[in-house]
Structures are given as C-alpha cells and as structure tokens.
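Asks: One structure, pasted below without further comment.
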Amino acid sequence: MLKLRLRLKRRHVNMAAFALACAVLACGCKTSGDAAAAATQLTATASSLTSYYSALETLLTDTDQLYQIQGAINPVTPYDAQTKALVADTKSEIETREKLAAALTQLAQEYAKLSGSTASTDAATCAGKLESAVAGLQQTHLSMSTGNVSLMKDAVEAIVKAVQERKEREASAAIDKFTTALDTWFKNEEPYYDTIGANYANVTRSLARTLIGKGQVDPSSFLNAALSPYGLTAQVTDPDLKAKIDAVLVAQVDEKAESLSTAQKAASANMEKALTEMASRIHLVATEKPMAFRSSPMTLAEVQKWASTMQ
C-alpha cells in the first residue's frame, strides 16, 4: 500500500513537472512567435521607410534639374552656387537616412533568428551596419533631433551586444528602445521632409506656368479625350482657342502641383503612423505581452504607393 502511495505521489509530481514544462515551453513558443511576427512587420516597415527616403532622393535629383532649366529659361533667377550646394547637402542628408533604413531592414530580417543557438551569424553583421548608419547621422549638418540620435546610438550599441551574445530578450528590449527613438526622431524631422515635396511642387508649377505663358507648350494632347475615340489628332492653330486652352492648362498645373505636395505630405504622415504602430508592437514583444496584430501596419501600403510614383 505504501509503495502504491509513493508511486502515485511520484506520478503526481512528474505530471506537475511535465505540466510546468509545457507551460514554460508554451510561453517560450508564444514569445518566439510574436518576435518572429514583429520581425516580419518591422522588415516591412523599415523597407517602406527605405522606399520613402529613396523617393525623397529622387525628388531632390529632379529638383536639381528643374533649377537648371529654370536658370536657363529665366536669367533673373539663376541657379546660383549657394542654392546648388543646399540641394546637394539636402540630398546627402536623405541618402544618410536611407542607409539607416536599409540597415534596419537587414537587421529586422535577422531579428526572428535571435532565439538561442539558432541565431544567424549574419545578425551581428547587420547590427554593425545599423551602428555605422546611426554614427553617420551624428555627422550630418542638421542640428535637429540630436537627443534622439543619441538614444538610437545607445540602443543600437545594446542591440549589437545582445546579438553577439544571442540574447533574444535583451535584443528585443534594445530594438524597442531604438524603434521608439526612431519614431520620435522621424516626427521631429517630418516637417523638413515635407518641405522637399512642397518645394518640388512649387518649382514644377513655376516652370510649367512659364512655359505655357511663353507659348512653348503644345496643348494638342489636352483635346485627346474628345478626338482619340475617332482616331483623330488635334492641331491647334487658332490663337483664341489656344489662349483659352492655355488658361485651362495653367489651372490644371496649379491643381496638380497642390496634389503633388499633398501626396508627399500624406506619405510622411502615413510613414510616421506606421513607425508609431511598429514601435508599440515591438514594445509589446520586449515586455513579453501578447501582440494582437500579426499583419504589417496598414498605412505602409499608401507609403509604397506614393514611393512607386517617384521611380
């Protein structure tokens, strides 16, 4: 009887231990699952941020060409060395930020592999690239958000250390600090980014209106909507008709310029919302709380849509 009791007691202890082990493993799998989901979402967010900065870089390249055209058309507004240097410096600033976003994308792809012995050795290399990218921000000409750059620098140093030691929790906590600082920093710089889009829209509008006013625009395509169903091509030779069409073209240029500026500003706002959402999700993983959403932030689609128009 005593042996039976001992046997049952041992069985009860073993079952309790087994249940505890299952609970621990379940928590571990859940944490790893959330970390993997967060890594996928962070990859998408960082990739969209890269595309966003790439699109701004395209705007600045085009702005440089537009200023050259403007200087050739109107000698009163030459493309002076000071303005050219400002455009070049701004483009360099954006390229630095694009490198940061690209490095974050690479690290995010390795983030899901940081669990124990399965950690990829590439993660350390990616963390090092992010560290170099953040260091590059401290050498830029902008004086804004220096505090947040310091926060990102401290966070990325912790990321490098955690990755090298293959500590998932520490890495998640460090990435949490980094994404929070990055979100705040982006918010601070967002007005600066929007001036790039607004300036591009204003310069294109000015040039288009000037060319229309000088009679250097063929308005024939404006009539295509009426003639193309019949296979006809417009040939505007009547001066009065051309003047009326030019007036409509000017109005359309003004409307399009506004939409260009508005679209870029909306892309900034959507990118900022995605960064804020991503930072909150990373924080949940870092604090071992369940993450309700497994899909990427919804506003990323709008960012990518705008960025694709700049290619």
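Asks: Quick check on my link table: of Lys91/Lys305; Lys129/Lys265; Lys153/Lys177; Lys99/Lys265; Lys91/Lys265, which ones sit more than 20 Å apart, alpha carbon to alpha carbon? Present the calculation step by step, with values, prior to reporting the outcome.
Replies: Working: Lys91/Lys305 22 Å; Lys129/Lys265 29 Å; Lys153/Lys177 10 Å; Lys99/Lys265 22 Å; Lys91/Lys265 18 Å.
In this structure, Lys91/Lys305; Lys129/Lys265; Lys99/Lys265 exceed 20 Å between Cα atoms.
Asks: Would you please put 284-290, 196-202, 214-220, 172-178 in order of how densely packed they are, using the mean number of other Cβ atoms within 10 angstrom per residue and starting with the highest?
Replies: On the way: 284-290: 15.7, 196-202: 19.9, 214-220: 13.4, 172-178: 23.9.
So the peptides 284-290, 196-202, 214-220, 172-178, ranked by packing, come out 172-178, 196-202, 284-290, 214-220.
Asks: Could I ask something else about it? If we count other beta carbons within 10 Å of each Cβ, what is the order of Thr180, Thr237, fewest first?
Replies: Details: Thr180 22, Thr237 6.
Sorted ascending by nearby Cβ count, the order is Thr237, Thr180.
Asks: Next up: Once the piece of chain linking Asp89 and Asn74 is laid out straight, how much longer is it, given 0.36 nm per residue of separation minus the C-alpha distance between them?
Replies: Working: separation 15, 0.36 × 15 = 5.40 nm, distance 2.44 nm.
Length gained between Asp89 and Asn74: 3.0 nm.
Asks: Can you give me the Cα centroid spacing of segment 56-91 and segment 201-244 in angstrom?
Replies: So the two Cα centres are separated by 26 Å.
All of the numbers you see were taken from the coordinates with simple rules; none came from a lab. Bear in mind that the values here come from a model prediction, so they are computed numbers and not experimental data. Quick reminder, even Gly has a Cβ in these numbers, built from the backbone with ideal geometry, and neighbours come from all protein chains shown.
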